[in-house]
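Comments concern the structure below.
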Amino acid sequence: MGAVMVVVQLLVTVLLPSLDQLFQSRFGALGVLCLFLLGVGLRARNTACLSAGAVVFALLMLQA
């Protein structure tokens, strides 16, 4: 179980900066806010942050 968590944290550490750059270049500040809310919601298991991040993501996808 511990090895899986290490692998997941490594993947997040490697992929998050590139994902952040992609969202920032394509969707601007709202894309970064969306990633932040989703990340905080997942890590803290906070449904309010997850819901807010999902709404922001849906709005961005409707705009694109």
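The values are calculated or read from the model by the stated rules, or taken from the named source; none is laboratory data. In this text the structure is predicted, and so the values were computed from the model without any measurement. Glycine also receives a Cβ, built like all others from the backbone with ideal geometry; neighbour counts cover every protein chain displayed. All accessible areas refer to the heavy atoms of the entire protein, side chains included, with ligands and DNA or RNA removed. Shrake-Rupley method; radii C 1.70, N 1.55, O 1.52, S 1.80 Å.
Couple of notes before you dig in:
- Percent carbon-and-sulfur accessible area, region 1-48, ignoring ligands, DNA and RNA, probe 1.4 Å: 72
- Evaluated at q = 0.17, 0.21, 0.29 Å⁻¹, the base-10 log of the normalised Debye intensity for the chain, with identical point scatterers placed on the Cα atoms, takes the values -0.63, -0.87, -1.15.
- Of Leu37, Leu19, Leu11, the one that fluctuates the most in a GNM where the chain has Cα springs shorter than 10 Å: Leu11
- Solvent-accessible area per residue, Å², over the chain with all protein chains present [probe radius 1.4 Å]: 77
- The order of the peptides 45-55, 26-36 by mean Cβ neighbours within 10 Å, most packed first, is 26-36, 45-55.
- Note: relative contact order over the chain, using C-alpha pairs below 8 Å and six or more positions apart, is 24 percent.
- Remark: spin-label model distance Leu42-Leu22 equals 1.2 nm, labels positioned 7 Å along the Cα→Cβ axis.
- Helix content alone sets the calculated 222 nm mean residue ellipticity of the chain: runs of n ≥ 4 DSSP H residues at -39500 (n - 2.57) each, divided across all residues, give -31500 deg cm²/dmol.
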